[in-house]
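What follows is a set of notes on a single structure, which appears directly below.
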């Protein structure tokens, strides 16, 4: 864990275990992943960004777990899952999905399947 990653969670320390589980799962499945800490998100890259972790409030406050972490990933088509809090098509053939997690158990096979698919999709971009 880098200092910048730790500082990102300075205002949300209870969400750090969620990120640690997410990061560990991504690195275990996609070891060539590069991580960049930005002001509003932590981004995961291979050739291009394929996922991000943030505190984007994609649900109403009363519907958010405490703590929470929003996991964002891009796919070729819209995925239907009750876990997906929001999905938008910023341009044709690119769907951005947001999943809000509130426990480490939610970093599971379904979420990691979406993230693996996002990594494959992003590697095909020019």
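Give the residue, chosen from 37, 58, that is touching a strand residue (DSSP E or B) at 6+ places or on another chain (Cβ under 9 Å), modelled with pLDDT under 95 and farther than 19 Å from residue 121 by Cα.
Numbers: 37 fails: modelled with pLDDT under 95.
Selected residue: 58, the only one of 37, 58 that is touching a strand residue (DSSP E or B) at 6+ places or on another chain (Cβ under 9 Å), modelled with pLDDT under 95 and farther than 19 Å from residue 121 by Cα.
Can you name the residue in region 67-81 that is over 16 Å from residue 122 (Cβ atoms) and modelled with pLDDT of 95 or more and, of all such residues, is surrounded by the most Cβ atoms within 10 Å (Cβ to Cβ)? Reasoning before the result, please.
First pass over region 67-81, keeping only residues over 16 Å from residue 122 (Cβ atoms): 67-70, 78, 80-81.
So of that shortlist, the ones also modelled with pLDDT of 95 or more come out as 67-70, 78, 81.
Working: 67: 18, 68: 21, 69: 25, 70: 21, 78: 12, 81: 12.
Among those residues, the one meeting the criterion is 69.
Evaluate the following for residue 88: is it modelled with pLDDT of 95 or more, part of a strand (DSSP E or B) and either within 14 Å of residue 49 (Cα to Cα) or in contact with a helix residue (DSSP H, G or I) (Cβ under 6 Å, 6 or more places away or on another chain) (or both)?
Numbers: modelled with pLDDT of 95 or more: yes; part of a strand (DSSP E or B): yes; either within 14 Å of residue 49 (Cα to Cα) or in contact with a helix residue (DSSP H, G or I) (Cβ under 6 Å, 6 or more places away or on another chain) (or both): no.
Considered against the rule, which asks whether it is modelled with pLDDT of 95 or more, part of a strand (DSSP E or B) and either within 14 Å of residue 49 (Cα to Cα) or in contact with a helix residue (DSSP H, G or I) (Cβ under 6 Å, 6 or more places away or on another chain) (or both), residue 88 comes out as no.
Mind checking which residues of region 26-57 are under 13 Å from residue 71 (Cα atoms), surrounded by fewer than 19 Cβ atoms within 10 Å (Cβ to Cβ) and in contact (Cβ under 8 Å) with a residue 40 or more places away in the chain?
Selection gives 55, 56.
Hey, could you check region 14-52 for residues that are within 9 Å of residue 119 (Cβ to Cβ) and part of a helix (DSSP H, G or I) and say which is farthest from the chain's Cα centre (by Cα)?
My answer is 29.
Which one is farthest from residue 101 (Cα to Cα) among residues in region 58-85 that are touching a residue at least 40 places away in the same chain (Cβ under 8 Å) and part of a strand (DSSP E or B)?
First pass over region 58-85, keeping only residues touching a residue at least 40 places away in the same chain (Cβ under 8 Å): 58-59, 66-69, 71, 73-76.
Those still in the list that are part of a strand (DSSP E or B) too: 69, 71, 73-75.
Details: 69: 5, 71: 7, 73: 13, 74: 17, 75: 19 Å.
Checking each candidate, the answer is 75.
The values are calculated or read from the model by the stated rules, or taken from the named source; none is laboratory data. As the structure is a computational prediction, the values presented were derived from the model and not from experiment. Cβ atoms come from the backbone with ideal geometry, glycine included; neighbour counts cover every protein chain shown.
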